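**Q** Before anything else, here's the structure in question.
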Amino acid sequence: MILCEAAGYDRILIETVGVGQNELAVDRMADLTLLLLVPGTGDELQGIKRGIMEAADVLVINKTDAVDPTALRNTTSDLTQAGYFLPAHRGRHPKVLPISALTGDGIQALADHTERMLHAERDSGALQHHRQAQALAWMHDALDQGLVELGRANAGLQAALPMIREQVRNGQLDPFQAVSALLDLVRKGV
């Protein structure tokens, strides 16, 4: 994403699969997050679970061409109502937009809506604030990773680790005491 941005692309789409930590991490690198759902597959019920739905700016129902209009209205209504039970993401609840990638229905409305949201965030300063928060999150992630690498490279920690693991496994040492002892080794530069 950073390379695409550096190359001058002003619109970058990031696609993830499944629902897990990686999908939630996308919010830490994207300006807007769209959650793509397919009606009639249980996605709408899965989406009601907290997590990825809380990070979504727009809930997009795809494959609307293959769904009964009544079922589509019900799905749209259910998702809209579910969105109001979640904490507002960046000050708003997600809009639910039906589309059909096959027929193109709703695609222009989705593009227009995301552009309006992006312009509104730019104009209000929210986009700059969001990007600053993202930069700080990236810094903390890189720091965490660097500290882990320093710990793994520490000879004293590596020498003590097998014995301390065994003490934790045998119940001689609780995990928190073990971490404290290992961190003391790193602090002392052993």
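**Q** Would the stretch 75-87 turn up any residue that is in a helix (DSSP H, G or I) and either of a type in the set (Asp, Glu) or modelled with pLDDT of 90 or more (or both)?
**A** The answer is yes; a qualifying residue exists.
**Q** Also, I was wondering about something else. Name, by its number, the condition in (1) in contact (Cβ under 8 Å) with a residue 12 or more places away in the chain; (2) exposed (fewer than 13 other Cβ atoms within 10 Å of the Cβ); (3) not assigned by TED's automatic domain parsing to the domain that holds Val17; (4) not charged (D, E, K, R) that does not hold for His140.
**A** It is condition (1) that His140 fails.
Yes/no per residue for (1) on the phi < 0 side of the Ramachandran plot; (2) within 15 Å of the chain's Cα centre (by Cα); (3) not hydroxyl-bearing (Ser, Thr, Tyr):
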{"residue": "Ile52", "(1), (2), (3)": "yes, yes, yes"}
{"residue": "Val58", "(1), (2), (3)": "yes, yes, yes"}
{"residue": "Lys63", "(1), (2), (3)": "no, no, yes"}
{"residue": "Ser77", "(1), (2), (3)": "yes, no, no"}
{"residue": "Leu86", "(1), (2), (3)": "yes, no, yes"}
{"residue": "Gly91", "(1), (2), (3)": "no, no, yes"}
{"residue": "Leu97", "(1), (2), (3)": "yes, no, yes"}
{"residue": "Ser100", "(1), (2), (3)": "yes, no, no"}
{"residue": "Gly104", "(1), (2), (3)": "no, no, yes"}
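**Q** Follow-up. Tell me, yes or no, whether the stretch 17-32 has at least one residue that is of a type in the set (Val, Ile, Thr), surrounded by fewer than 20 Cβ atoms within 10 Å (Cβ to Cβ), modelled with pLDDT of 75 or more and more than 12 Å from the chain's Cα centre (by Cα).
**A** No, that holds for no residue.
**Q** Sticking with this one: Can you tell me how many residues within the stretch 35-60 are part of a loop (DSSP other than H, G, I, E, B), at pLDDT below 75 and not charged (D, E, K, R)?
**A** Residues meeting the conditions: 4.
The values are calculated or read from the model by the stated rules, or taken from the named source; none is laboratory data. A quick note: this is a predicted structure, and the numbers were derived from the prediction, not measured. Positions of Cβ are generated from backbone atoms using ideal geometry, with glycine treated the same way; all protein chains shown enter the neighbour counts.
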